[in-house]
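> Can you keep this structure in mind? I'll have questions shortly.
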Amino acid sequence: MEETVPSDTITPPEDLTPDEKRSLLFNVSCSLEIPMEDFDKNWWPLVSNIWTQWNSHTQVNGNVRKVFACRFTKHRVSSTRSKENIPNEKRRVTKIRPSKICNAKIRVWWLVSLKIVKVERYNNFSEHTHSLLKSDRLKRSQATRTLVEKEAVKNYSPPAITSAIKEYASKLGLGASVSELKRKEVANIKYKVRGPMEAHLTCNSGLRSDISESVSFLIEKGYQVENYCVFHQSAKTTKGFVFAYPKQLEKLQRHGWLTLIDSTHKMNKYDWRLFTLYVRDTYGSWDVGAHFFVSNEDCDTVSEALKIIRSKCRQWSPRYFLLDQSGIEAKGIKKAFPGISAGEQQCDVILCVVHVMRTWMTKIYDKKTRDIMNAAMHKRTKVGCEKLVQDAINGCAISAIRNYIQQNYAKNTQQWALWARQHSPLLLQVTSTNPLESYHNELKRLTSFSHGLIGAAHNIINVDCKKRSESEVTAFDFRTKKISAYGVDNDIIEKIHKFPFPLQRLLVEEARAVMSRIEKGREIIIEFVQTKEQKEAENRRLSVVELTEKIRDKYWNVEEMGNAEKTEAFISIIYESYDIQDNTNSYTLLLQTPFATFLSKFQKKTAKKKLKKVQQVQQQILVKDDNLFIVFSSQSSENVFSGTKGSTSQLSSTILSKPKIKSDNPSLIKNNLL
């Protein structure tokens, strides 16, 4: 018998949002008449997760009638049978959804001749007993899946795809439909979409074939590649291959004074580790120096790879390697770069501050002790650092922590403490391996542990090319790019443009801060007017500061050698270079060494303590050629100390030849001295 079509229908307006369309098809209170093409394309994909087909019938004239039931109907009860001889803890965790929660049904007519679709409630069945949100949690609509598939083709990470879908769906009026979208669901959809597209990255023909294909592909892209094997005493063989782009080797040679090294895993299905050397150029950009894959991470394998890189880049002479707390990497570096014992530049290993502090969070769980160790790390002097470490050991009541600090951090402060990096601004700026870890994280977002070595090679080449492009852009912008700023005078901007681009941004921020302060009425005009005597005193002070800096640099050169005996000898020489005799109303200084040494130790605490006894001290430092004259005047007397760069005899004769002047007129003293 031919089915009849109900005549009481309404046509929804065309300007409905997707969420409004979903609401109409969720609770069908009256018959709806919708154009067939619009229904199949824009209506039904929105509710495909709500309704499931119950039955279907095709009429003679081509019309189709289908009955859909709510997915929560589930007329069959799930089985709860238990498997024999299987403990409960070993059974797979499954979820059982109860049946017959909702009995809602609708009937849909596809009228071919009229090219319309009519939707009505089926036989006056009841409405839904649940909300639309619960249907979205049970299954995703086809419209949502289509959006995810379009984004998955772009090969973003699942979290990035999820956030992008939610933002885009909200603009389309589908915010309620994707509000419960999970990252795991997005990852599953992406795997189905990207699987066939990434077949060339898996290489299912075996490890040997995978290595051969990877090496050939890298050579084709212009990389220098070399395979190697390391034979161990335990009859175990470690394999690996080194690869680097020529421009990367040039950067490693020029900027490899400080080199970052780190490894990462889960880059391929063979669990081969990827090691990367990372350097920073003169424009502040980070770039790759070289890579190498190894089948097993040990010091001999790392050392052999570094030797191969060194043979390809003969002018590379690293002074420091910055790494995490990896003993394998540290031993490998010592083998590849033996230092002074082999007649070459010393190469030291320094540790990442971030990794050290993370380790302390778990190992040194006593907060008071950990705070002392943190203070020791940031101490500027070796003596102060070692004292704080000893205080942490003595003040800790937990023997396990005391032993841990004594064994691992008491005798190697030059590796993890910042006092050993005070001589280099670069070492103080780069204290962690975070730039290299960011590079590895970017690789992992593109690479799956199911890929082969060839897949990892594809992604490494793409990211390396991106890094090189960014470095070239930064180098080009450093001198040529000019900043534009709102709220800063054109005259100021023109002067700011004379500086490199990174400094332009800093100067613009300062200029804006000043303009903001002026707008708020906080303008402060300070006019500095110096007399002739003040200018001369300032010039003399700057001369002494410059000489002090030279002595400090000399001290750090001795300290950097790492020889404790030489350091102590140097300090003792400085202590012996001056002798301050304390009289009642006068102070006499006898110089025995060149005046630069005197000037360095003159600022020591011992000298300062004695000089504090002088009341109302006025200091004048007069420098002419290589002669130094220092005048201290107290309430009752003035003393003149003079010195010159030369031998002890010259100093003695100079001191004896200069008469002691006792006068309250500084100009008279100056004239007599000069």
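The values are calculated or read from the model by the stated rules, or taken from the named source; none is laboratory data. Here the structure is a predicted model, which is why all the values come from computation and not from measurement. A quick note on method: Cβ atoms are made from the backbone with ideal geometry, for glycine too, and the neighbour counts reach across all protein chains shown.
> Inside region 346-359, can you point out the residues that are closer than 20 Å to VAL302 by Cβ and surrounded by fewer than 17 Cβ atoms within 10 Å (Cβ to Cβ)? Explain how you work it out, then say what you get.
So the first thing to find is which residues in region 346-359 are closer than 20 Å to VAL302 by Cβ, and the list is 346-352, 355.
Passing the criteria: only GLN346.
> Report whether or not ALA420 is assigned to a helix (DSSP H, G or I), out of contact with any Ser or Thr (no Cβ under 9 Å at 6 or more places or on another chain) and not assigned by TED's automatic domain parsing to the domain that holds TYR555.
Numbers: assigned to a helix (DSSP H, G or I): yes; out of contact with any Ser or Thr (no Cβ under 9 Å at 6 or more places or on another chain): no; not assigned by TED's automatic domain parsing to the domain that holds TYR555: yes.
So ALA420 fails the test.
> Mind listing whichever residues of region 189-236 are assigned to a strand (DSSP E or B) and exposed (fewer than 11 other Cβ atoms within 10 Å of the Cβ)?
Step one: of region 189-236, the residues assigned to a strand (DSSP E or B) are 224-231.
Across region 189-236, the qualifying residue is only PHE231.
> Which number in (1) within 30 Å of HIS291 (Cβ to Cβ); (2) in contact (Cβ under 8 Å) with a residue 24 or more places away in the chain; (3) of a type in the set (A, V, I, L, M, F, W, C) marks the one condition that ALA511 misses?
(1)
> Kindly provide the set of residues from region 439-450 that are modelled with pLDDT under 95 and of a type in the set (Ser, Thr, Tyr), ordered by number.
THR447, SER448, SER450
> Further question: GLU180 is checked against (1) assigned to a helix (DSSP H, G or I); (2) within 27 Å of VAL148 (Cβ to Cβ) and fails just one. What number does that condition carry?
Exception for GLU180: condition (1).
> Spot the failing condition for ILE189; the list is (1) in contact with a helix residue (DSSP H, G or I) (Cβ under 6 Å, 6 or more places away or on another chain); (2) farther than 20 Å from VAL47 by Cα; (3) at pLDDT 85 or above, and only one is missed.
Among (1) in contact with a helix residue (DSSP H, G or I) (Cβ under 6 Å, 6 or more places away or on another chain); (2) farther than 20 Å from VAL47 by Cα; (3) at pLDDT 85 or above, ILE189 violates only (2).
> With (1) more than 23 Å from the chain's Cα centre (by Cα); (2) in contact (Cβ under 8 Å) with a residue 12 or more places away in the chain as the list, and ILE350 as the residue in question, which single condition is left unmet?
(1)
> Of the residues in region 360-384, how many are of a type in the set (Val, Ile, Thr) and crowded, with 17+ Cβ neighbours inside 10 Å? Steps first, please.
Step one: filter region 360-384 for residues of a type in the set (Val, Ile, Thr), giving 362, 364, 369, 372, 381, 383.
Of the ones still in play, those that are also crowded, with 17+ Cβ neighbours inside 10 Å are 364, 369, 372.
The qualifying residues number 3.
> Further question: Kindly indicate whether any position in region 98-111 is exposed (fewer than 14 other Cβ atoms within 10 Å of the Cβ) and touching a residue at least 40 places away in the same chain (Cβ under 8 Å). Lay out the reasoning, then the answer.
Narrowing region 98-111 to residues exposed (fewer than 14 other Cβ atoms within 10 Å of the Cβ): 98-100.
From what is left, the residues that are touching a residue at least 40 places away in the same chain (Cβ under 8 Å) are none.
The answer is no; no qualifying residue exists.
> If you don't mind, there's one more thing I want to ask. Would you please name the residue that is farthest from PHE243 (Cα to Cα), looking only at residues in region 474-483 that are loosely packed, with under 13 Cβ neighbours inside 10 Å and not basic (Lys, Arg)?
THR480
> Within the group SER7, SER29, SER23, which residue is of a type outside the set (A, V, I, L, M, F, W, C), modelled with pLDDT under 90 and in a helix (DSSP H, G or I)? Walk me through it before giving the result.
Values: SER7 fails: in a helix (DSSP H, G or I); SER29 fails: in a helix (DSSP H, G or I).
Answer to the selection: SER23.
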